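Contents: one structure, followed by commentary.
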Amino acid sequence: MDVEETEEFVSLDTDLLQLQEVSPFALKSSHCVVEELFTQWLSLPDTCRLVKSLLADAKAGAASSALENSTSTNSLSNNSLPSLFPAGSTPPLSPRSSSGSPRTTKQRNSPSLGSPLKLVSEPVREVIPQFYFKNGRPPPNEMKEHFLYQIESRFYGHVNGLQLHEFKSVAKELCKLPSFFSTALFRKIDVNFTGTITRDQFIDYWIRGNMLAMDLTTQIYTILKQPYRTYLAQDDFKPVLRELLSTHPGLEFLQSTPEFQERYAETVIHRIFYYMNRSGNGRLTLRELKRGNLVDAMLHVDEEEDINKVLRYFSYEHFYVIYCKFWELDTDHDFFIDRENLIKYGNHSLTYRIVDRIFSQVPRKFTSKVEGKMNYEDFVYFILAEEDKSSEPSLEYWFKCIDLDGNGVLTPNEMQFFYEEQLHRMECMAQEPVLFEDILCQIVDMIGPENEGYITLRDVKGSKLSGNVFNILFNLNKFIAFETRDPFLIRQEREDPNLTEWDRFAHREYIRLSMEEDGEDMSNASGDVWEESLEAPF
């Protein structure tokens, strides 16, 4: 029998056994079984006759047909070797495809090394490039080299570093930041308060700190954020707003009134958090900052000399309207508003029930520490929600107010609870009352909810008429205006569809307030003239 020897071991080639009833893989995995089967095979009578026949042929010098069959790999199924197992004593093997499995194909095609033991090749290890960087992906070398060249030109001749007024051009032109971020960036790098920034300090912060590879939003977030926080608080925006107030040409007139500078900065910050901090926890995350339009507004205000043209967040006219509205309601000027003050808002347009829901702090917890009163920040959130019901923060605000049980849906009973007071007010004003059943059908048509039995927040956000639904329930003046369809307002909306409801409201109110102020100035001036004319003869 064919046995192959090497220097270290002797192994039987199991393919030469030609056992149809046993899998060749089972034979190769158990050498003891192979040796035992080989011994039993040799003891069979048919095997003895075959061996004697082979020996006789060998002595006679004739070729053996049995040997040819045994060495041919293509005729394993047609050989005449005796079987070790009787017919039917073992279950049939599973059928094999003609092509064979990838493993057997690979083994059969592998080159023979003179041993029945097959060599298994090591799998090729694929090198996966690094995809996570703790501080962000580093910038390309070309970008880094170009930036270093620009740094050298900026710091050339300044061995001791740049002072703040010299550093402003670096922040604006080299770092591409809004100009009013120069002080914040300077303080971020000058941690020892030396008053100067050296070339090495700037390279260490901007390049080694990987600021160069960040997008603009992430750069602004990193500059404003305190090192021990993972979010932006309201106080983090105050340094850049102070610089904006001191440098922007559209805000120069406020430099003589520091108290109004402070109120303007507070209003801008409150507006930013109202629209962008959707969680309402006072912690503005990087994700929220990227989803909003604050960075675009900052770039706009840096390029536009007329601050009132920057409608998002920074318009002085918008601040003026908010502050004057608050001042009108705060009759005792203690900078707090109670229920009786707020019920006067908009010429008594709101119902008592909706005002009670606001002061129950259901839509938003007050930041005021005085029980039963809202402060200026709380009022900013209220007026933005009331005058711009097309925005998602406003829809969420009023949805919480109407959702009495807080189960996330508005039922007909909840809407009827608020509309009852509207109906009573219409009767008192000699207006033709509209029954709730008719109003409910109108609301369902306007919202188009998935289930007509209730309205979800998703339904409200999916309709462009949701703001009118809330006006129907608790704002009588806007409800009547919606029913009458003022053609002048409709024409205004069509002329500039990019303006929001808040933009149009603030523009109208600013004109009204400025005209009232001009009228008061004229009356005061005419009074002075009249008094002088009376006193002149004397």
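Points worth noting:
- Here r is the Cβ-Cβ distance between Glu305 and Thr484 and R0 is 45 Å; the resulting FRET efficiency, rounded to 0.05, is 0.65.
- Think of each Lys and Arg Cβ as +1 and each Asp and Glu Cβ as -1; about the Cα centre, that makes the dipole of region 243-338 roughly 760 debye.
- Area accessible to solvent at Asp46, 1.4 Å probe radius, in Å²: 80 Å²
- Rolling a 1.4 Å probe across the protein heavy atoms gives region 386-475 an accessible surface of 48 Å² per residue.
- The simple spin-label model puts a point 7 Å past each Cα toward its Cβ; for Arg229 and Glu262 those points are separated by 2.0 nm.
- Val460, Val51, ranked by accessible area, largest first (probe 1.4 Å): Val51, Val460
- Partners of Lys144 within straight-line reach, counting lysines whose Cα lies under 16 Å from its Cα and excluding those fewer than 8 residues away in the same chain: Lys176.
- Ranking Ile223, Phe181, Pro239 by how far each Cα lies toward the positive end of the dipole of region 144-242 (charges on Cβ) leaves Pro239 at the top.
- When His270, His507 are compared by accessible surface with a 1.4 Å probe, the order from highest to lowest is His507, His270.
- Linear extension gain, Glu420 paired with Phe436, 0.36 nm per residue minus alpha-carbon span: 5.0 nm
- Taking 7 Å steps out from each Cα toward its Cβ at Tyr156 and Gln255 produces label points 3.4 nm apart.
- Thr500 paired with Glu126, simple spin-label distance in nm, labels 7 Å along Cα-to-beta-carbon: 4.7 nm
- Tensor-based shape of region 239-361 (alpha-carbon gyration tensor, a/c under 1.5 rounded, otherwise prolate or oblate): oblate
- Cα-based shape type of region 428-472, given that a ≥ b ≥ c are square roots of the gyration tensor eigenvalues and the cut on a/c is 1.5: prolate
The values are calculated or read from the model by the stated rules, or taken from the named source; none is laboratory data. Keep in mind that what you see is a predicted model, and the values were worked out from it rather than measured. Cβ sites come from the backbone with ideal geometry, for glycine too, and all protein chains shown count toward neighbours. Just the protein is used for accessible areas: all its heavy atoms, side chains included, with ligands, DNA and RNA removed. Shrake-Rupley method; radii C 1.70, N 1.55, O 1.52, S 1.80 Å.
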